[in-house]
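Have a look at the structure below before the remarks.
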Amino acid sequence: MRNIYVMSDIHSCIRTFKKMLKQINFTNEDLLIIAGDLIDRGGSNNLELIKFIKDKENIILLRGNHEEFFLRYDNKELSERNYYSFGGKNTLYELKRMSIDDYLLFRNYINKTKLFYNLIINEKNYFICHNGFNLDLPIIKKEEIIDIEETIKTQYRKDWFNFFVSSDLYYGVNKFDKFIIAGHLPTININGDNKILFRKDFIDIDCGATYKGGRLGCLRLNDLATFYEEVVKKDLE
């Protein structure tokens, strides 16, 4: 049986990411789902990281708010000033120095990303996404249970920005039709701990790789084993 792993919020930390792959002994038989925010915030390794994963069929990148910010900037819906302030400083530095071919590779790969990924492991229905949902946007329910897939699709169409910047998943009590695995909000901002956070209806896998006191986390869904890597200093330069 192949192993299935989930990470999120790598934020261009390619050396740390590669160390994690080595730690978990990631093979071509395994599957890795990156729950968004591969780019921005860290150092200037965004293009190198995308080139590293783009042809690997067993690595799936989902769209996080930072992938969305880049696409909106590329479509001229988001100003350079705003993208810079949202964590795109080093990405902008790279983009302005890329060849046309590299820019197209970068854009086309990110443009193909999807909002979520469903899978069943050990008879449990997992729903992997970047950040969950926004309580102030339309919520689709079946009786009292939130249909998380339809809710995300509806909220993204309604108000992509407020959907993507929300951390409402981690606050309050809600019932979902699937078990959610997400990132976006570093666990150190929730309970002060840089470990993967397990709750009744969700797991937060963002251990704050580019934040003070944070690190990169990885979750193996087969047995819910956790793995951690301290951020390589050069990844933040």
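The values are calculated or read from the model by the stated rules, or taken from the named source; none is laboratory data. Predicted, not measured: the structure shown is a model, and the values here were computed from it. When we count neighbours, we look across all protein chains shown, and the Cβ atoms used for this are built from the backbone with ideal geometry, even at glycine. These accessible areas exclude ligands, DNA and RNA; they are computed on the full protein's heavy atoms, side chains included. Shrake-Rupley method; radii C 1.70, N 1.55, O 1.52, S 1.80 Å.
General observations
- Two-site FRET efficiency, Phe179 against Leu104, from Cβ-Cβ distance with R₀ of 35 Å, rounded to 0.05: 0.40
- Simple point charges give the picture: +1 on the Cβ of Lys and Arg, -1 on the Cβ of Asp and Glu, and for the stretch 26-173 a dipole about the Cα centre of about 460 debye.
- Relative contact order, percent, the chain [alpha-carbon distance under 8 Å, six or more residues apart]: 24
- Within the stretch 116-196, the trypsin sites (Lys or Arg not before Pro) that combine a DSSP coil assignment with at most 16 other C-beta atoms in a 10 angstrom radius are Lys175, Lys195.
- Positive dipole terminus of the stretch 57-137, leading residue within Tyr117, His66, Ser85 (C-beta point charges): Ser85
- Listed values [x] 19.2; [y] 17.9; [z] 18.5, entry calculated as Kirkwood radius over Cα pairs in Å: [y]
- Residues Lys56 and Asn191, FRET efficiency given R0 of 30 Å [Cβ-Cβ distance, rounded to 0.05]: 0.35
- Pairwise label distance in nanometres, Lys22 with Glu144, each label 7 Å out on the Cα-Cβ vector: 5.1
- Note on Lys76/Glu48: beta-carbon distance plugged into 1/(1 + (r/R0)^6) with R0 of 35 Å gives a FRET efficiency of 0.85.
- Extension gain from Tyr228 to Tyr93, taking 0.36 nm per residue of separation minus the Cα-Cα distance: 45.7 nm
- Label separation (Arg157 vs Asn125): 2.1 nm, computed from points 7 Å beyond Cα along the C-beta direction.
- Whole-number accessible area per residue in Å² for the chain, which is evaluated in the context of all protein chains at 1.4 Å: 48
- Computed from label points 7 Å out along Cα-Cβ, the spacing between Lys200 and Asp136 is 2.7 nm.
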